[in-house]
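Everything on this sheet refers to the single structure shown next.
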Amino acid sequence: MFAGAKTLSNAELLALIIRSGTREKSAVALAEEVLAFASESGCELGKADPRELMTIDGIGPTKACAIIAALEFSKRQISDSVRDNVPVLASSDDVATLLVQEMMYERREVFIALYLNSRLMVESKMVVSIGNLDSAPVHPREVFGPAVRRGAAAVIVAHNHPSGDPRPSPEDLAVTRRLLDSANLIGIKLLDHVIIGNGKFTSLKAEGYIPEY
């Protein structure tokens, strides 16, 4: 019985979009190759040229177009939802108000990026990574690539701790340092990294890990 899309990995979700594999590999294995290609090349799947995806063995025109169309539809839905009620995020409390109810019951770590304009209004929100019980691997390009393409002035990132404890782990602090280094290099502000627990949250800006701008 289908338990819901949230229980599926990124590869499993993508496999539902491409529908079938090849004689040599399953749809999930093929989806994993597509995700690996996107990660290694820095390509955003929703904006890829079909010909780029068709360089992957097993991805033809139909599968390539299905991937691009599905991801573009998803992005538009997210953007439209945010624009219907555009929040202004002036503090970590505002971030928590926006995200706590959405993230506190997630059973796996979910890493989210919020893209803001110069007035600190959220213009779009994106799920960057879905991990396991205690980690959600994140690369700076996955956060700041969309920020550059969307002309964002600032970024706020957030993730949940399924344990309910919002205290930052050493890995959380390491990710924050990498994101700060990238933000400074690119010229887009990283305003905060908020960790969501069971009705509680920790702001790494408030804790002094992210500087005031």
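The residues on offer are Val128, Val148, Val122, Val138, and the sole one that is of a type in the set (A, V, I, L, M), at negative phi and surrounded by fewer than 16 Cβ atoms within 10 Å (Cβ to Cβ) is Val148.
Where strands (runs of 3 or more DSSP E) fall wholly inside the stretch 122-213, the ranges with 1 or more residues that are farther than 17 Å from Val100 by Cα and within 13 Å of the chain's Cα centre (by Cα) are 122-130, 154-160. Residue count for the stretch 162-182, restricted to those that are over 12 Å from Pro140 (Cα atoms) and either of a type in the set (Val, Ile, Thr) or touching a Phe, Trp or Tyr at 6+ places or on another chain (Cβ under 8 Å) (or both): 3. The residues on offer are Leu185, Leu180, and the sole one that is free of Cβ contacts under 8 Å to residues at least 12 places away in the same chain and within 21 Å of Ser39 (Cα to Cα) is Leu185. Scanning the stretch 162-197 for residues that are closer than 18 Å to Met104 by Cβ and surrounded by 15 or more Cβ atoms within 10 Å (Cβ to Cβ) yields Pro162, Pro166, Pro168, Asp172, Asp192, His193, Val194, Ile195, Ile196, Gly197. Residues of the stretch 6-28 that are over 18 Å from Asp57 (Cα atoms), part of a loop (DSSP other than H, G, I, E, B) and of a type in the set (S, T, N, Q): Ser9 alone.
Here, each number is a calculation from the coordinates, and none is a lab measurement. A quick note: this is a predicted structure, and the numbers were derived from the prediction, not measured. FYI the Cβ positions are ideal-geometry reconstructions off the backbone, even for glycines, and counts take in every protein chain you see.
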